[in-house]
């Protein structure tokens, strides 16, 4: 076979048990592999590895790296701010978003909950001590407001919560990120959720 | 033959390439991914590259040379998530790419040269 030949081949994706150790089930998917004639081996392509990771994430009920990036961009946050929001090390979110690492299942569940609107952004901001630093108008959002219901980034801005006055709610849609000095100065809270990533960091 | 110290030149080249995280330079074989997935279903392959680096950058990494016909290949045991793990890496001819052959729970108790 010619060197560099790409061929779709079946690959068994192991979905872990909740403990993370055993295998709950196997899902066979076709993925592109590349033939390396020099060493006589099939190599995983980048696309193949991505498909395996996405299949595993979906089977585990986690967001895929692409979905995590989309969530962050929808919120208008930086990777560092997302790390702050979930109270993990600064590099953790970046590693998750690039697919190099996968978040612990419990953190993944929390991220999914934010994505699905089952937990409000306001709640997470408050728990992370970011609410004050981000913007005074955040105070106007009820704690129960889900992120999906409140932020509608795919269409012109609509709000379920009307500001009391223009001065109290200086929302500039698409420019939610606070100034850098404000972010640097917001208080770091002790980690409520101890994660392995946070420990490593 | 006892375990051997892995040559410094090989270590330096391999670690430098793995540290780039560049998938065009750090190749994974089908068997690498298949066996890794079975051994560590809850972990991601990116993490094991960091574990490789931790071991290969330690003071005295030891292993056995493996004749694969091409390239320069070493096998060794290292620790991943607290588990003894078998690893096999080839530094390709030209020294610009590495191929990861193995990172899974050991199928044999000892390396061939132990």
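Summary table below
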item: For B:6, A:23, order by how many other beta-carbon atoms lie within 10 Å, fewest first; result: A:23, B:6
item: Förster radius 25 Å - calculated FRET efficiency between residue A:132 and residue A:73, Cβ distance, rounded to 0.05; result: 0.55
item: Other protein chain Cβ atoms within 10 Å, averaged over every residue that makes up A:97-108; result: 2
item: Modelled label reach - residue B:77, point 7 Å along Cα→Cβ, the range B:1-23 residues with backbone N closer than 14 Å; result: B:3-4
item: C-alpha center-to-center spacing [the range B:56-88, the range B:1-29] in angstrom; result: 9 Å
item: Inter-probe distance in nm under a simple model that places probes 7 Å from Cα toward Cβ, at residue A:26 and residue B:16; result: 4.1 nm
item: For A:56, B:84, order by how many other beta-carbon atoms lie within 10 Å, fewest first; result: B:84, A:56
item: Shielding by partners, peptide B:34-42 (average Cβ within 10 angstrom, other chains); result: 6
item: Fewest-first ranking of B:104, A:115, using other Cβ atoms within 10 Å as the exposure measure; result: A:115, B:104
item: Averaged over B:25-33, number of beta-carbon atoms from partner chains that fall within 10 Å; result: 5
item: For the range B:1-96: rounded, prolate or oblate by the Cα gyration tensor [a/c cutoff 1.5]; result: rounded
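No value in this document is a laboratory result; all are computed from the given coordinates. Predicted model only: the values in this text are computed from it and were never measured. Please note: Cβ atoms are built from the backbone with ideal geometry, for glycine as well, and neighbour counts cover all protein chains shown.
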